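Let me begin by presenting the structure, written as structure tokens, before commenting on it.
Read-outs throughout are calculated quantities, based only on the coordinates presented, and are distinct from any laboratory measurement. Please read these numbers as outputs of a predicted model, since none were measured by experiment. All Cβ positions, even for glycine, are placed from backbone atoms using ideal geometry, and neighbour counts span all protein chains on display.
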Amino acid sequence: MADKNPDWGFDRSLVIKAPAVQVWPHVADPIRLSRWWCPPPTVQIDFEPRVDSPYEEHYRDDSHEYVLTGEITVFDERCCIAILRRTNGRFGRSDSVEITLQPHGEDTKVVIVHRFDDIPFERRGEARDFFADGWDFSLELLRRNILRTD
């Protein structure tokens, strides 16, 4: 049976002991984003920091090489970036990843919301299993990159 509301997702977050002004460059710059998005040097991300910019993720490891394309749908300076990605169809035709920085005292809470446009109901658990631990790992890489450079 088809799900009446196929938009589905989950979120991950981490508080980083740094102000948003130190965290934002690691989100808004494609070179720095590539350092924590996925274990380096697996992915190279390319986009311009503006709404409607084309977006690409180039993946290369020992066994796979592919490119995901999309566009930047939100770019709110020092606060939020959202990316719509066209995917291989495993979890639907597209997904979106939104990264938001929220004040947390003198620190910054980084929230990643990963949504799937038309994911079949029966694939949701698999998608969460596939991406959730990866996002937790990526957030920890982000934290380490910020502490190392700032």
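Do you know which residues across region 102-137 are over 13 Å from Asp11 (Cα atoms) and either small (Gly, Ala, Ser) or surrounded by 19 or more Cβ atoms within 10 Å (Cβ to Cβ) (or both)? Within region 102-137, Gly105, Thr108, Ile119, Gly125 meet the criteria.
Here's a check for you: in region 115-150, which residue that is outside any helix (DSSP H, G or I) and within 16 Å of the chain's Cα centre (by Cα) is nearest to Thr100 (Cα to Cα)? The selected residue is Arg115.
Report, by residue number, each residue of region 60-72 that is over 13 Å from Ile83 (Cβ atoms) and touching a Phe, Trp or Tyr at 6+ places or on another chain (Cβ under 8 Å).
Selection gives Glu65, Tyr66, Val67.
Can you work out which of the residues in region 26-59 that are crowded, with 18+ Cβ neighbours inside 10 Å and of a type in the set (Ser, Thr, Tyr) is farthest from Ile81 (Cα to Cα)? My answer is Ser34.
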